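Heads up, the thing below is written out as structure tokens.
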Amino acid sequence: MNIRFSVVLSWGAVLLMACVPLLAHHGTGVSYDASRAYTVKATVTEFRYANPHPQLYFDVKDDKGNVVRWSGEIAPNPAQLVQAGWGRKRSEAALPPGTEVTLTIAPSFAGTPVALVNKIVNAQGETILGTVGLPAPATEGAGGRGDTPGGKDKDK
């Protein structure tokens with residue numbers, strides 16, 4: 001009985017050690033309140049195409065006309081964005097500082113001006129990034145999925 005208990009305990013410890021790293025990623029559900037998502041008009045101040053998630057910094061005017069500087073996390077990582085045809089050059093060209101955008105954001109649970117950016121729409125009403133950071137579908141004549149003919153980004 002003693003040996004059997006030791007074997008079960010050992011296997012349990014091995015299983016636990018193997019599973020703990022899977023819980024290490026922060027996950028967006030822990031940081032952001034998707035049930036309170038809303039839309040704001042904003043001005044891009046900076047866009048960082050970086051790991052683990054691209055960051056969008058933007059200014060929003062509050063009800064009193066005061067400018068509030070926000071930080072937003074874009075859910076897919078850069079590798080996923082490139083696979084979907086949304087490379088660094090395309091991102092930086094679409095979101096330079098001063099660009100007026102409409103954002104759908106899920107605010108931080110902490111109540112700070114930090115959010116998950118779910119959707120980005122430019123001043124012409126075109127969706128740049130769709131729900132939960134997925135790139136908008138390419139339109140006809142736009143070179144397929146990417147920035148160049150054939151649909152592959154050359155700017156990885």
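Taking a sphere under 12 Å around the Cβ of Val44 and counting the other residues whose Cβ falls inside, with K and R at +1 and D and E at -1, yields a net charge of -1. Fully extending the segment from Lys41 to Asn2 would add 7.4 nm, taking 0.36 nm per residue of separation and subtracting the current Cα-Cα distance. By its C-alpha gyration tensor, with a ≥ b ≥ c as the square roots of the eigenvalues, how is segment 27-74 shaped: rounded for a/c under 1.5, else prolate for a/b larger than b/c, else oblate? Taking the square roots of the gyration eigenvalues as a ≥ b ≥ c, segment 27-74 is oblate. Amide H to amide H, with H built 1.01 Å from N, Trp70 comes under 5 Å of Phe58, Asp59, Val60, counting only residues 5 or more places away or on other chains. Using the Cβ of Gly72 as centre and a radius below 12 Å, the other residues enclosed give a net charge of 0, where K and R count +1 and D and E count -1. Residues whose amide H falls under 5 Å from that of Leu129, counting only those 5 or more places apart or on a different chain, are Ile120, Ala136, with hydrogens built in the peptide plane. The stretch between Asp62 and Ser10, if pulled fully straight at 0.36 nm per residue, gains 13.0 nm over its current Cα-Cα span. Counted by neighbouring Cβ atoms within 10 Å, the residues Tyr49, Tyr32, Tyr38 run from fewest to most as Tyr38, Tyr49, Tyr32. Report the paramagnetic label zone for Ala123: residues of segment 91-117 whose backbone N is under 16 Å from a point 7 Å from Cα along the Cα-to-Cβ axis. Zone members listed by number: 93-103.
A P(r) calculated from all alpha carbon pairs of segment 26-133, with 5 Å bins opening at zero, reads 3, 12, 25, 27, 19, 10, 3, 1, 0 percent. Listed peptides 114-126, 81-93, 62-74 appear in the order 81-93, 114-126, 62-74 once ranked by packing, highest mean of other Cβ atoms within 10 Å at the front.
For Phe109, the residues whose modelled amide H falls within less than 5 Å of its own, excluding neighbours fewer than 5 places apart on the same chain, are Tyr32, Asp33.
Taking 17 Å as the cut-off, the amide N atoms of segment 34-59 that come nearer than this to a point 7 Å along the Cα-to-beta-carbon line of Ala110 belong to 34, 52-53, 55-58.
Laboratory data are not the source of any read-out in this text; all were calculated from the coordinates shown. All values derive from a computational prediction rather than experimental measurement. Note: ideal-geometry Cβ built from the backbone for every residue, glycine included; neighbour counts use all protein chains shown.
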